[in-house]
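Structure, as structure tokens:
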Amino acid sequence: MKKIISTILALVLLVGSLMMLTSCGKMITGKYEANLVFAEVTYEFGMFGSVSCTVDPIVGDELVYEGKYSFNDAGDKLTITFESDDADEYAGEYAFSSGEEDGVAYIKLNLVKYEKVD
């Protein structure tokens, strides 16, 4: 019985530690899209720094890239890295801001405004 209780307490401590670590840094979640001249670009930010980028060009096939994101200490710069070298155009360090306009949440990566969908 003592082993079960100590195992449960250890798991609770581990989960609490993980929650505390993830709450220390700035985080963003959700799906944001922008209609650019050449394509519709969608970033989907997930838990623990995961991000996917979907590019749906006017001509050609849809492309999906998986990667990671992180914020600088000030929270005003977002760095996105992808596993694929083909995604270099959508990766890098961006000036970051967020807000809400006319009831629609948005983020800005450099000067490009991505509106929240979903």
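For the stretch 48-97, what are the residues that are within 12 Å of the chain's Cα centre (by Cα), surrounded by fewer than 17 Cβ atoms within 10 Å (Cβ to Cβ) and part of a strand (DSSP E or B)?
S50, S52, E66, K68, S70, F71, T79, T81
Only residues that are charged (D, E, K, R) and under 24 Å from K26 (Cβ atoms): list them for the stretch 48-87, please.
Across the stretch 48-87, the qualifying residues are E66, K68, D73, D76, K77, E83.
Here are E100, E115: which of them is acidic (D, E), out of contact with any Asp or Glu (no Cβ under 9 Å at 6 or more places or on another chain) and either more than 17 Å from I28 (Cα to Cα) or open to solvent by 30 Å² or more (accessible area, probe 1.4 Å) (or both)?
Among E100, E115, only E100 is acidic (D, E), out of contact with any Asp or Glu (no Cβ under 9 Å at 6 or more places or on another chain) and either more than 17 Å from I28 (Cα to Cα) or open to solvent by 30 Å² or more (accessible area, probe 1.4 Å) (or both).
State which residue is most open to solvent (accessible area, probe 1.4 Å) when the search covers only the stretch 7-35 and only residues that are among the hydroxyl-bearing types (S, T, Y), at pLDDT 70 or above and closer than 19 Å to T79 by Cβ.
Within the stretch 7-35, the match that is most open to solvent (accessible area, probe 1.4 Å) is T29.
Quickly run through the stretch 36-47 and pick out the residues that are without any contact (Cβ under 8 Å) to a residue 40 or more places away in the chain and open to solvent by 30 Å² or more (accessible area, probe 1.4 Å).
Answer for the stretch 36-47, where residues must be without any contact (Cβ under 8 Å) to a residue 40 or more places away in the chain and open to solvent by 30 Å² or more (accessible area, probe 1.4 Å): V37, F38, E40, E44, M47.
When both residues are 6+ apart or on different chains and their Cβ atoms are under 7 Å apart, which pairs have a first residue that lies in the stretch 48-61 and is more than 14 Å from S84 (Cβ to Cβ) and in contact (Cβ under 8 Å) with a residue 12 or more places away in the chain, and a second that is assigned to a strand (DSSP E or B) and of a type in the set (G, A, S)?
From residues that are more than 14 Å from S84 (Cβ to Cβ) and in contact (Cβ under 8 Å) with a residue 12 or more places away in the chain, the pairs are G49/S70; D56/A39; P57/A39; I58/A39.
The values are calculated or read from the model by the stated rules, or taken from the named source; none is laboratory data. Since the model is a prediction, treat every value here as computed from it, not as a measurement. When we count neighbours, we look across all protein chains shown, and the Cβ atoms used for this are built from the backbone with ideal geometry, even at glycine. Accessible surface is based on the protein model in full, side chains and every heavy atom, while ligands, DNA and RNA are left aside. Shrake-Rupley method; radii C 1.70, N 1.55, O 1.52, S 1.80 Å.
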